[in-house]
1. Mean residue ellipticity at 222 nm from the helices of the chain, using -39,500 (n - 2.57) per DSSP H segment of n ≥ 4 over the full residue count, to the nearest 500 deg cm²/dmol?
2. So which lysines can LYS59 reach, going by Cα to Cα under 26 Å and dropping same-chain residues fewer than 8 places off?
3. HN-Hα J couplings of segment 41-49 from phi, Karplus 6.51/-1.76/1.60, θ = phi - 60°, integer Hz, Gly and Pro as x?
4. Where does helix 10-34 land angle-wise versus the long Cα axis of the chain, in degrees 0 to 90, nearest 10?
5. Does anyone have the angle between helix 51-77 and the longest principal axis of the chain? Alpha-carbon axes, 0 to 90°, nearest 10?
6. Grab every C-alpha pair in the chain, bin the distances at 10 angstrom width from 0 up to the longest one, and report whole percents.
7. Which of the lysines could be linked to LYS3 by a straight reach, that is with a Cα gap under 27 Å, when you skip same-chain ones fewer than 8 residues away?
8. How much FRET efficiency would the formula 1/(1 + (r/R0)^6) give for PHE23 and THR53, where r is the Cβ-Cβ distance and R0 is 30 Å, rounded to 0.05?
Amino acid sequence: MAKIYQRWNIHHRLQHILLFVSFFILTFTGLPIKYAYSSWASPVTRFFGGFDTMLTIHKVAAAIMIIAAIYHLGYMLVCWLIRKETSTAMVPTWKDVTDLLDHIVYSFGLSKKDAEFERYSYKEKFDYWA
């Protein structure tokens, strides 16, 4: 039987879920708010129960995203200051630059070997910092 490794603890998973869900709600409500006079915005607005309801949902999702970001920063500070846990796994390094270049060369078929990534690839680090 294969050993199962837990990549993220409950705090990491909760932060990820909150950010993921709030991002998509903000996207699905924000675009019709921004482009309210487009032909496609009207059905989306009706789906959310009207413009005022959609705006309220958008604001709640924004608050959830802000709370999740504060929770993440607080969690990282607690890990660093109180528990003395430090992880540099998400800090970009020179290897990420070389991995990116190797991956581009591989993607164009100029190399038979793709880049070998660490625990987190350059793509995941970019997503994290973005």
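Bear in mind these aren't lab numbers, they're just calculated from the coordinates by the rules spelled out. Note that this is a predicted model, so its numbers are computed, not measured. Every residue, glycine among them, receives a Cβ derived from its backbone with ideal geometry; neighbour counts consider all protein chains shown.
1. On the way: 5 runs with 81 residues, N = 130.
Helices in the chain give a 222 nm mean residue ellipticity of -20500 deg cm²/dmol.
2. The reachable lysines, counting only those whose Cα sits under 26 Å from LYS59, are LYS34.
3. With the stated coefficients, segment 41-49 comes to 6, 4, x, 5, 4, 4, 4, 8, x Hz.
4. 40 degrees
5. 30 degrees
6. 11, 26, 24, 23, 15, 1
7. LYS123, LYS125
8. Details: r = 20 Å, r/R0 = 0.66.
Calculated transfer efficiency: 0.95.
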